[in-house]
Amino acid sequence: MSSVADRVLLLGGTTEASEFTRRLRAEQPEVDLVVSFAGRTTERGALPEGVLSRVGGFGGVDGLTEYLRAQGFCAVVDATHPFAARMPFHAGAAALATGTPLLRLIRPPWLPKPEDRWIDVTDMAAAAEAVARCGGRRVFLTIGRQEVGAFASIPSATFVVRAIEPPAIASTMAAEVILARGPFALDDELALLREHRIDLMVSKNSGGEATGAKIEAARQLGLPIVMVARPAAPDGTTVSSVDAALSWLAEVPARTVAR
Ligand code: NAP
């Protein structure tokens, strides 16, 4: 029997999850790693050789609990997105039910600098209200594709919507869609904001470098950002770097869960 965790479930779909996968595979190739994807995007980056994957929901807390029991994971690393509102709670409940050590790996949020003009809101409905209230006329929506509908009834604004895959755009909404996947460079973000004459940005406070250039670009151009706060997160052990996650894993004993 190995003395350290040798079978790990990673809840993936983020830059941090990809980095964790690459590092764990390179540094501890003996660990059996299964990466789980929700399946929201049709294209996923290739996994390193030897890493297994699965795609799709588990079927709520009960489904994940059953999966953890059947698969005998030593640990679960939840590296889902900071705006994944449900999966972290499901992981917490299933880990508790099965006695599986659980770690959340979540990148730090962006923090405003004194010169920033952030309008802080708690959710997408409040973001839409803020856009209407501020009178933004050319609005850059960088919120992913799932919640664009919240902005469907603001006739005064024209939207530039950037997403990885096509969002559904209501017929009431004046919008141009840009399909692109980060990372984005500062010069390109500045050019995009200028070219589209953007006067207001809407962003989730996802944090991270891959999409952080838009925040700096808005800062340099003096643009206001309607900044949507992260959803509530469950209690539990949390780290913000892949290094810290690997250190945590190194302390988890093998087979704390009976197969
Ligand atoms: P969510 O509300 O937390 O999850 C909804 C449901 O999707 C979960 O209850 C679970 O279904 C399934 N699911 C989520 N992550 C999964 C994973 N890694 N493996 C298997 N099933 C998973 O999250 P969401 O906002 O819909 O996001 C879905 C996925 O996209 C997450 O993995 C997240 O990391 C990624 N993502 C989200 C955002 C965002 O802004 N929300 C941005 C980038 C990437 P069951 O209950 O059936 O198990």
TODO: Would you be able to tell me the number of residues in segment 86-108 that are near the ligand (Cβ under 8 Å from one of its atoms) and open to solvent by less than 30 Å² (accessible area, probe 1.4 Å)?
DONE: 1
- [ ] Kindly indicate which of 189, 165 is modelled with pLDDT of 95 or more and among the acidic types (Asp, Glu).
- [x] 189
Open item on the list: Pairs please, first residue from segment 118-137 and more than 26 Å from residue 232 (Cα to Cα), second anywhere and exposed (fewer than 15 other Cβ atoms within 10 Å of the Cβ), Cβ atoms under 9 Å, 6+ apart in sequence or on different chains.
Closed with: 135/156; 136/156; 137/156; 137/197
Task: Qualifying residue in segment 211-220 (condition: at positive phi and either touching a strand residue (DSSP E or B) at 6+ places or on another chain (Cβ under 7 Å) or surrounded by 15 or more Cβ atoms within 10 Å (Cβ to Cβ) (or both)) - done: no
Open item on the list: Looking at segment 65-85, I want the residues that are open to solvent by 10 Å² or more (accessible area, probe 1.4 Å) and have a partner that is more than 11 Å from the ligand (Cβ to nearest atom) with Cβ atoms under 7 Å, at least 6 apart or on another chain. Which pairs are those?
Closed with: 65/97; 65/98; 69/98
TODO: Looking only at segment 109-123, decide whether some residue is away from the ligand (no atom under 16 Å from the Cβ), open to solvent by 30 Å² or more (accessible area, probe 1.4 Å) and of a type in the set (Phe, Trp, Tyr).
DONE: yes
TODO: Select from segment 181-208 the residues that are open to solvent by less than 40 Å² (accessible area, probe 1.4 Å) and in a loop (DSSP other than H, G, I, E, B) and write down the one among them that is farthest from residue 127 (Cα to Cα).
DONE: 182
Open item on the list: Checking the conditions here, which among 57, 12, 39, 50 is on the phi < 0 side of the Ramachandran plot and without any contact (Cβ under 8 Å) to a residue 40 or more places away in the chain?
Closed with: 57
TODO: Among the residues of segment 213-252, write down those that are acidic (Asp, Glu) and over 22 Å from residue 112 (Cα atoms).
DONE: 235, 243, 251
- [ ] Sort through 253, 231 and tell me the only one that's of a type outside the set (A, V, I, L, M), out of contact with any helix residue (DSSP H, G or I) (no Cβ under 7 Å at 6 or more places or on another chain), open to solvent by 20 Å² or more (accessible area, probe 1.4 Å) and under 22 Å from residue 123 (Cβ atoms).
- [x] 231
TODO: Report yes if residue 138 is open to solvent by 30 Å² or more (accessible area, probe 1.4 Å), closer than 26 Å to residue 180 by Cβ and at pLDDT 95 or above, otherwise no.
DONE: yes
Open item on the list: Looking at residue 130 and the list (1) of a type in the set (Gly, Ala, Ser); (2) part of a helix (DSSP H, G or I); (3) touching a helix residue (DSSP H, G or I) at 6+ places or on another chain (Cβ under 9 Å); (4) more than 15 Å from the ligand (Cβ to nearest atom), which single condition is not satisfied?
Closed with: (3)
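The values are calculated or read from the model by the stated rules, or taken from the named source; none is laboratory data. Small disclaimer: the values here were computed from a predicted structure and weren't measured. Virtual Cβ from ideal backbone geometry, glycine too; neighbours counted across all protein chains shown. Just the protein is used for accessible areas: all its heavy atoms, side chains included, with ligands, DNA and RNA removed. Shrake-Rupley method; radii C 1.70, N 1.55, O 1.52, S 1.80 Å.
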